[in-house]
Structures are given as C-alpha cells and as structure tokens.
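Heads up, the thing below is written out as structure tokens.
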Amino acid sequence: MLLVTGATGHIGRELVGELDALGAPLRILVRDPARAAGLPESAERVVGDLGEPATLTAALDGVRSLFLLVPGTGLEHTENILAAAPAAGVRRIVYLSSYAVIGDPMPAMGRWHHEREQSIRGSGIPATVLRPTGFMTNAFDWLPTLRAEGCVLDPVGPGRAAPIDPADIAAVAALALTEGGHEGREYLLTGGESLTVAEQVRILADAIGRAIDVRPVATTADAVRFRYPGGAPPALAEALVEGLTLMRQDTVGVRSDTVRRLLGREPRTFANWCARNAHAFAGTA
C-alpha cells in the first residue's frame, strides 16, 4: 500500500494519477474529503492531518511506501508521521524537499527542508529526497494582480530560474515509490529552460493571445504578493523575501538533467504548461 500526503495539491493530484495508472494500491491522506473530488475512485480516502498524531495510525496501517509533502515552516508534522511510520511497517519514504537546500548560503526555506531531511534520515527508513526548483504552477499566483491590476509583479528582474512542471515531479516520485534503486538518493529536479519572470510572462501572453504588463517590484509587501497574494505569516514572508533576493542575484539559473535521466525524455516546457492551462487565465485584465 502507498500513502500520498498532499494529494489534493498540484503535485499530489498528478502523482495520484500516475500511481493509479500503474495500478498501485493507493491511499490518500486528506483533511477535507470534498477536496479530493476528481481524484481516482480507486484511491482509498482516509481523513487525517499531519498536525494531529492520533489520526496517523489508521492512515499508515499497511502502508509500505510513503510520499511525504509537509506544509508550513516547522518540524512538528514531519516528526509526527516519523513517530508512527516505523511501527506501521513503512519501508520507503519519498520526501518533497526543495532545491533551496543546496543554496550557499542556505536560505531559511532551505534550512527548514534540511532539518526535515535530517529527521527522515534519522528515522532509519530508506528515503529518496526530491529537490525541485520553483513550480510552473506558481504562475497561478499571478492571477489576483492580473485580474485587479492587469499586470504581473516581478521581484527578481534579471534573475533566472528553471521552473519545473509538477507533472514531472510526480512522474519522478512515482518511479521512486514503485521501483528499487532510488533509496538514499537526492534528486535535483528542474525544468529545461532558464527563464526570467518577464520571459515567463511573455510565454504566457503568447498562450492566451494577449499582452501582459510586467511591473517591477518596489516594496517588500509587493514581493510577498508575488508569491502569496493573500499574505503570509511573518516568518514565511521574511523567508520569501530572502529567497527572492537570492533569485535576483542568480542570472544563470540552476538546471539539472535529472528528469531526462530518470524519465527518458526532456522536461516539459513552460510553453507546454501555459498551453494546457491557458483557460485558467481567461478573462484576466
């Protein structure tokens, strides 16, 4: 049995689809069953929360492989599930970390993930660590300012990054969950193109057939709005600004060939993602 946490998010939905197509026995941990609408019916639903240890015993019953996606900034949720996993018989963990872990200096977001990675290794359960760059789906965070102000905020200027399609992350995760040979590995996952925000916006504009204005960010508050339009807790907001500052300084962009090596194909392009999701941007100013 495989257990997927974060199953209703961008990566989780793709992963559940991948595992369902493989015919893998599958369980998903959800806080609200209604949010699992549209996921394969073959996936067993179990209501629980990483923040509520009492709910995890039933969720892990019979589970041998675990996909672990931990929200927020702390270590508590990771420790909760690691406390229950050995007794349940979990034999493999695939953890969604971040490429920020390889930063030098390591930013706050990297330190949070690094602490979780260390806890997972300390559990004694064989693990695979996925360290993706920013997700292409982060472009959905542009929607509020597109609708309200007709623009995309740009906090990184000349900085470049190689965003990755969550579908590619999910495909690698499915391999690591269902095949041997990935235990103890750390996979840096990136897209194949190193792009500025302005270049990403031009690609999206081509997909929707409409010009989009790009507005350089002048304040810390606008930098936070770029990623969290509804605001963020102080620690997260501070870490975001730190990360964006480092991204502005990186005019090359981190890239790897891991997706190609593992999947036998090139990573999906941002243009492909925009074409598949253009409908979500319909009607923006």
- request: Could you order peptides 4-12, 34-42 by the average number of other Cβ atoms within 10 Å of their residues, highest first?
  value: 4-12, 34-42
message: For a quick check of understanding: with a 1.4 angstrom probe and all protein chains in place, what accessible area in square angstrom does Asp250 have, to the nearest ten?
response: 50 Å²
query: Where the centroid of each part is defined by its Cα atoms, how far is region 129-167 from region 222-242 in Å?
result: 13 Å
- line: Summing -39500 (n - 2.57) over every DSSP H run of at least 4 residues in the chain and dividing by its residue count gives a helix-only mean residue ellipticity at 222 nm, to the nearest 500 deg cm²/dmol, of -12000 deg cm²/dmol
task: Would you look at the GNM of the chain, springs on alpha carbons closer than 10 Å, and say which of Phe67, Phe226, Phe140 moves the most?
output: Phe140
field: Relative compactness, region 221-285, computed as alpha-carbon Rg over 2.2 N^0.38 Å
entry: 1.51
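Residues with beta-carbon under 11 Å from that of Pro53, excluding Pro53: net charge, scoring Lys, Arg +1 and Asp, Glu -1? All intermediate terms of the calculation are to be shown ahead of the outcome.
On the way: positive: none; negative: Asp49, Glu52, Glu76, Glu79.
Residues close to Pro53 contribute a combined charge of -4.
Can you pull the Kirkwood radius for the chain, inverse mean 1/r over Cα pairs, to one decimal in Å? Display every interim value, and only then the final one.
Numbers: mean 1/r = 0.0510 Å⁻¹.
With all distinct Cα pairs of the chain included, I get 19.6 Å.
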task: Please compute the Cα-Cα pair-distance distribution of region 168-234 with 5 Å bins starting at 0, giving whole percents from short to long.
output: 3, 12, 13, 12, 14, 15, 13, 10, 5, 1
message: Given a 1.4 angstrom probe, what's the average accessible area per residue across region 1-118, in square angstrom?
response: 44 Å²
- prompt: Under 5 Å between amide H atoms, partner at least 5 residues away or on a different chain: which partners does Leu188 have, H built in plane at 1.01 Å?
  reply: Arg131
field: For the chain, size of Cβ-based charge dipole, Lys and Arg +1, Asp and Glu -1, in debye
entry: 300 debye
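The values are calculated or read from the model by the stated rules, or taken from the named source; none is laboratory data. The model shown is predicted, which means the values in this text are computed figures rather than measured ones. In this analysis, Cβ positions are derived from the backbone assuming ideal geometry, glycine residues included, and neighbour counts consider all displayed protein chains. In case anyone asks, the SASA skips ligands and DNA or RNA and just uses the protein heavy atoms, side chains included. Shrake-Rupley method; radii C 1.70, N 1.55, O 1.52, S 1.80 Å.
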